[in-house]
1. Keeping every protein chain present and rolling a 1.4 Å probe, give me the accessible area per residue for the chain in Å².
2. How would Glu74, Glu96 line up by accessible area, probe 1.4 Å, largest first?
3. For segment 84-155, just run the numbers: alpha carbon Rg, then divide by 2.2 N^0.38 Å, N being how many residues it has.
4. Quickly estimate the mean residue ellipticity at 222 nm for the chain, helices only: each DSSP H run with n ≥ 4 gives -39500 (n - 2.57), and the total goes over all residues, rounded to 500.
5. Go through Asn80, Gly31, Ala69 and say which Cα lies farthest out towards the positive end of the charge dipole of segment 1-85; charges sit on Cβ, +1 for Lys and Arg, -1 for Asp and Glu.
6. If you rank Tyr65, Tyr154, Tyr182 by how much accessible surface each has, with a 1.4 Å probe, what is the order from largest down?
7. Note the angle between two axes, namely the Cα long axis of helix 67-79 and the longest principal axis of the Cα atoms of the chain, as a number of degrees from 0 to 90, rounded to the nearest 10.
8. Compute the semi-axes of the equivalent ellipsoid of segment 31-129, taking the square root of 5 times each eigenvalue of the Cα gyration tensor, and list them largest first in whole Å.
Amino acid sequence: MANTDEGAARVREVRRRLSQEGPPRTRGHKGDFEAVTVPEQHCDQLRDLMVSEGVEKVVEVGLAYASSALAIGEALATVNRPLPQHVIIDPFQEREYSNAGWDLLCSAGLDSIATLLLAPSSIALPQLLTEGFVADAAFVDGSHRFHEVFVDLYFLRKIVRPGGLIVVDDDWWPSVHTAVQYYERNLGWAVISDAFPGEAVGVGPQGKQEARCKAYRLPDPSFEPSFEDFRAF
């Protein structure tokens with residue numbers, strides 16, 4: 001337990017420094033860190049959600065400056081299951097972010113349980129599925145193009161175990177929201193309404209104040225609907 005506490009404390013300290021001081025380097029765009037990172041409030045809620053689920057294996061699409069990855073890592077350290085594994089997919093981490101996010105994870109000691117895949121998610125996720133990888137949860141914050149979000153979710157519903165969680169960032173974007181709506185309306189994904197409580201944290205593309213993360217519970221058992229039962233989204 002002492003090692004578990006020390007590991008979680010180490011991650012919390014890196015998270016604190018990231019929130020207060022920002023990452024060690026950015027892409028050079030003004031306000032880039034603030035624009036792309038998941039707010040600390042949502043990261044805390046994401047951590048708490050993962051802890052309450054007792055997660056052991058998590059897939060994350062998108063790393064950037066690692067705010068959400070550190071929160072997931074803190075959850076894994078807190079839960080302390082026998083074989084924790086955090087698979088992170090981000091083809092831009094090295095060439096666009098100069099490994100800023102990965103270096104933060106390493107400084108928190110999370111490289112012992114984390115794996116970074118530098119391939120596009122449309123390639124990496126099918127590979128994970130082929131290898132038989134099964135996750136308890138996933139966090140999706142990659143491409144915001146509708147077709148790419150849709151493909152991410154298509155493979156994640158096969159990778160995340162029945163009854164597991166899929167959390168989507170930036171649900172306030174119409175392209176992201178529309179992609180998720182298909183799975184909610186046709187495949188039985190249930191919104192966990194109290195996963196991200198509290199005040200709205202920003203203004204979405206429609207100009208409304210709203211929370212940006214949304215959590216879904218996958219059906220258990222999983223099922224394939226008839227094509228005749230299609231519900232428009």
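The values are calculated or read from the model by the stated rules, or taken from the named source; none is laboratory data. If you're wondering where the values come from, they're calculated on a predicted model, not measured in any experiment. We place every Cβ from the backbone using ideal geometry, glycine too, and count neighbours over all the protein chains shown. Ligands, DNA and RNA are excluded from the accessible area calculation, which covers all protein heavy atoms including side chains. Shrake-Rupley method; radii C 1.70, N 1.55, O 1.52, S 1.80 Å.
1. Accessible surface, normalised per residue, equals 48 Å².
2. Ranking Glu74, Glu96 by accessible area, largest first, yields Glu96, Glu74.
3. Ratio of Rg to 2.2 N^0.38 Å for segment 84-155: 1.13.
4. After summing the helix terms and dividing by residue count, I get -13000 deg cm²/dmol.
5. Of the listed residues, the answer is Gly31.
6. Numbers: Tyr65 5, Tyr154 95, Tyr182 45 Å².
The ordering from most to least exposed comes out as Tyr154, Tyr182, Tyr65.
7. 90 degrees
8. Working: eigenvalues 80, 58, 29 Å².
Computed over segment 31-129, the values are 20, 17, 12 Å.
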